[in-house]
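Written out below as structure tokens is the structure these notes cover.
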Amino acid sequence: VAGLGLASGAAVAADGNIDTSRTGSIVIHKHESGSQSADGTPDGQTGTGGAGVADVVFTAYRITDLDLTTQAAWDGLKTLSVPADACGADDNTPALTLPGGAAAAFDAGVVSAPTDATGLTTIGNLPVKAYLVCETSAPATVKTKSAPFLVTIPFPNNTANTAHPDGNWLYDVNVYPKNTVVLAPTKSITVEETKHGVQAGEQVTFPVTAKIPSIAATDNFTHFIIDDPLDANMENGKVVSVKIDGVDVPTSYYTATEGQTVTVGFNSAGLAHLKTKPNSTIEVVFAATVKSVPADGNIRNTAKLYVDAKPSNTPPDTPPTTPNDIPPGTPDDGTPTNEVVSSWGDVKVLKQDKDNAKALEGAVFQVYNATDPYAADCSAATRTGDPIAVGGATEFTSDATGVVGIAGLFVDSKVGAAGVTGVTPDHTQRCYVLVETKAPAGFVLPS
């Protein structure tokens, strides 16, 4: 039988009879899109390089009503196009229309072992037939699964190779499906030492880092957005910087949206730039102000990365630059970062007459960081640095009831592990030094 194969979409010829008593295998090399240095060959003799994708499972569905010992079957295969939905929405109901309009009949399918760390797995012991191969499960990092594809056992291959004594027929066929892999972005938190009081300007910064996915040469990004919705106890979100591998990204490449939600979304020129930076690290630094202290003192925060790529010669002219702009029907719920948390506490001090416990109005205080903020006993704390500003003020005065109210001071922060929510800081208390700078009328400062 003279056959026509489907490698890389091109027709190739093979001579000699098919041995229908033999079985073969599909050797799957699973790599990140765009990461391979060369095209793979069906005989597996050409090294491709590339970053392997682990824990991906494939199923090979045998087309039972296609007889590869007939010339008509091969003639039909060379014009057969496999639609993107051939594996079904749930990856369990393959469907394919054969040349002539008849629906293909499938068996139950043979499931592969998950790919190893190099992206390799094999589906073996396959009889001579045509197979629809579907990617049936993948880890959460896989943004775009590989498209369904056909493999014939044997495969007609015109590459001369003495390692294959069967001539041009390959019974062990190497294939190279690709994935767009999106790793979870990471988030950290920093509270400025000089701004440990609430409402002290851009006091809390949130660096968010992500790996720019490697995509195929024939693909382009449709959107790339890093979004950080702030907790209700924060306000005035700002974009501080956007860098790739430590180099500032031109502001002409993205739109910065600031406020209660802070977002960086890349425009068309920016998406084209990102494609040239596969596997690079992008860092977006957001800043915000703490405006109030919640009941439990903890302010939690998680950002998200929204990214997708599609076959296209160029990025879209007007890509979405916020999550709300992503078109309906586009399955992108965003990939979340780890959770970060900062904890804060209100301060209330009652100023009294030493002798009769009468509330005293008009005493003025300042508050300072402690040299050892997490000492087990704060009674011996010594102050360091300048007075801390809270709500723009560095002096706090007792009211008619003798109460000195400080809206909130920083306690601790923590970066949580991936997938963990409800993160709690390691320290539940922090030492500060309160200094009375002016006594109420009729009184003197204590020694």
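The values are calculated or read from the model by the stated rules, or taken from the named source; none is laboratory data. Note that the structure is predicted; figures quoted are calculated from it, not measured. Quick reminder, even Gly has a Cβ in these numbers, built from the backbone with ideal geometry, and neighbours come from all protein chains shown. Protein only, heavy atoms only, side chains kept; ligands, DNA and RNA dropped before computing areas. Shrake-Rupley method; radii C 1.70, N 1.55, O 1.52, S 1.80 Å.
From the list THR401, THR394, exactly one residue is of a type in the set (Ser, Thr, Tyr), open to solvent by 40 Å² or more (accessible area, probe 1.4 Å) and either within 39 Å of the chain's Cα centre (by Cα) or over 23 Å from LYS291 (Cβ atoms) (or both). Which is it? Give the derivation first.
On the way: THR394 fails: either within 39 Å of the chain's Cα centre (by Cα) or over 23 Å from LYS291 (Cβ atoms) (or both).
Selected residue: THR401, the only one of THR401, THR394 that is of a type in the set (Ser, Thr, Tyr), open to solvent by 40 Å² or more (accessible area, probe 1.4 Å) and either within 39 Å of the chain's Cα centre (by Cα) or over 23 Å from LYS291 (Cβ atoms) (or both).
For segment 259-277, does any single residue satisfy the condition of being in contact with a Lys or Arg (Cβ under 8 Å, 6 or more places away or on another chain) and surrounded by fewer than 17 Cβ atoms within 10 Å (Cβ to Cβ)? The answer is no; no qualifying residue exists.
Of all residues in segment 425-437, at least one satisfies being in contact with an Asp or Glu (Cβ under 7 Å, 6 or more places away or on another chain), within 30 Å of LEU183 (Cα to Cα) and in contact (Cβ under 8 Å) with a residue 40 or more places away in the chain.
Given the criterion among the β-branched types (Val, Ile, Thr) and not in a strand (DSSP E or B), identify the matching residue among THR136, THR122, THR118. Break it down stepwise before answering.
Values: THR136 fails: not in a strand (DSSP E or B); THR122 fails: not in a strand (DSSP E or B).
Testing whether each residue is among the β-branched types (Val, Ile, Thr) and not in a strand (DSSP E or B) leaves just THR118.
Per the conditions (1) open to solvent by 60 Å² or more (accessible area, probe 1.4 Å); (2) more than 22 Å from VAL27 (Cα to Cα); (3) modelled with pLDDT under 85, the sole criterion not satisfied by GLY88 is (1).
Being within 21 Å of GLY408 (Cβ to Cβ) and without any contact (Cβ under 8 Å) to a residue 12 or more places away in the chain is the filter here; which residues of segment 250-300 pass it? Outline the logic, then answer.
Going through segment 250-300, the residues within 21 Å of GLY408 (Cβ to Cβ) turn out to be 260, 286-300.
Of everything in segment 250-300, those that are within 21 Å of GLY408 (Cβ to Cβ) and without any contact (Cβ under 8 Å) to a residue 12 or more places away in the chain turn out to be ALA295, ASP296.
Within segment 96-115, how many residues are among the hydrophobic types (A, V, I, L, M, F, W, C), more than 33 Å from the chain's Cα centre (by Cα) and not in a strand (DSSP E or B)? Reasoning before the result, please.
In the first step, residues of segment 96-115 are kept if they are among the hydrophobic types (A, V, I, L, M, F, W, C); the result is 96, 98, 102-106, 108, 110-111, 113.
Still in the running and more than 33 Å from the chain's Cα centre (by Cα): 96, 98, 102-106, 108.
Narrowing the set further to residues that are not in a strand (DSSP E or B) leaves 96, 98, 102, 104-105, 108.
Here the count works out to 6.
Of all residues in segment 377-391, none satisfies being in a loop (DSSP other than H, G, I, E, B), out of contact with any helix residue (DSSP H, G or I) (no Cβ under 6 Å at 6 or more places or on another chain), open to solvent by 80 Å² or more (accessible area, probe 1.4 Å) and under 14 Å from VAL349 (Cβ atoms). Within segment 172-186, the set of residues being open to solvent by 60 Å² or more (accessible area, probe 1.4 Å) and not hydrophobic (A, V, I, L, M, F, W, C) comprises ASP172, LYS178, THR186.
Being at pLDDT 75 or above and over 24 Å from the mean Cα position of the chain (by Cα) is the filter here; which residues of segment 135-166 pass it? Explain how you work it out, then say what you get.
Just the residues of segment 135-166 that are at pLDDT 75 or above, to begin with: 135-157.
Residues satisfying the conditions are PRO148, PHE149, LEU150, VAL151, THR152, ILE153, PRO154, PHE155, PRO156, ASN157.
When the residues of segment 5-26 are filtered to those that are open to solvent by 40 Å² or more (accessible area, probe 1.4 Å) and part of a strand (DSSP E or B), which remaining residue is modelled with the highest pLDDT? Here the answer is THR23.
Show me the strands (runs of 3 or more DSSP E) found entirely inside segment 265-374 where at least 3 residues are β-branched (Val, Ile, Thr).
Working: elements: 281-290, 298-301, 304-311, 340-350, 364-370.
In segment 265-374, 281-290, 340-350 are the strands (runs of 3 or more DSSP E) which contain 3 or more residues that are β-branched (Val, Ile, Thr).
Would you pick out the residues in segment 294-320 that are open to solvent by 20 Å² or more (accessible area, probe 1.4 Å), closer than 22 Å to LEU183 by Cβ and β-branched (Val, Ile, Thr)? Across segment 294-320, the qualifying residue is only THR302.
Quick grid of which residues meet (1) modelled with pLDDT of 95 or more; (2) in a loop (DSSP other than H, G, I, E, B):
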position: ASN179; (1), (2): no, no
position: LEU183; (1), (2): no, yes
position: LYS195; (1), (2): no, yes
position: GLU202; (1), (2): no, yes
position: PHE206; (1), (2): yes, no
position: PRO213; (1), (2): no, yes
position: ALA217; (1), (2): no, yes
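Of everything listed in (1) out of contact with any Ser or Thr (no Cβ under 9 Å at 6 or more places or on another chain); (2) in contact (Cβ under 8 Å) with a residue 60 or more places away in the chain; (3) under 23 Å from ASN298 (Cα atoms), the single unmet condition for ALA441 is (3).
Taking the conditions (1) under 30 Å from ASP228 (Cα atoms); (2) surrounded by 15 or more Cβ atoms within 10 Å (Cβ to Cβ) in turn, THR421 satisfies each one other than (2).
Residues VAL347, VAL367: which one is open to solvent by 30 Å² or more (accessible area, probe 1.4 Å) and touching a Leu at 6+ places or on another chain (Cβ under 8 Å)? After applying the criteria, what remains is VAL347. Of the residues making up segment 27-50, not a single one is at pLDDT 90 or above, within 26 Å of SER137 (Cβ to Cβ) and surrounded by fewer than 16 Cβ atoms within 10 Å (Cβ to Cβ). Taking (1) under 27 Å from THR190 (Cβ atoms); (2) open to solvent by 70 Å² or more (accessible area, probe 1.4 Å) in turn, LYS354 satisfies each apart from (1). Of the listed requirements (1) open to solvent by less than 70 Å² (accessible area, probe 1.4 Å); (2) under 22 Å from TYR171 (Cα atoms), ALA104 misses just one: (2).
Within the bounds of segment 408-416, is there any residue that is of a type in the set (Val, Ile, Thr) and under 34 Å from the mean Cα position of the chain (by Cα)? Quick ask: steps written out before the conclusion?
The initial filter retains those residues of segment 408-416 that are of a type in the set (Val, Ile, Thr), namely 411, 415.
Now drop any that are not under 34 Å from the mean Cα position of the chain (by Cα), which leaves 411, 415.
Yes, segment 408-416 contains at least one residue that is of a type in the set (Val, Ile, Thr) and under 34 Å from the mean Cα position of the chain (by Cα).
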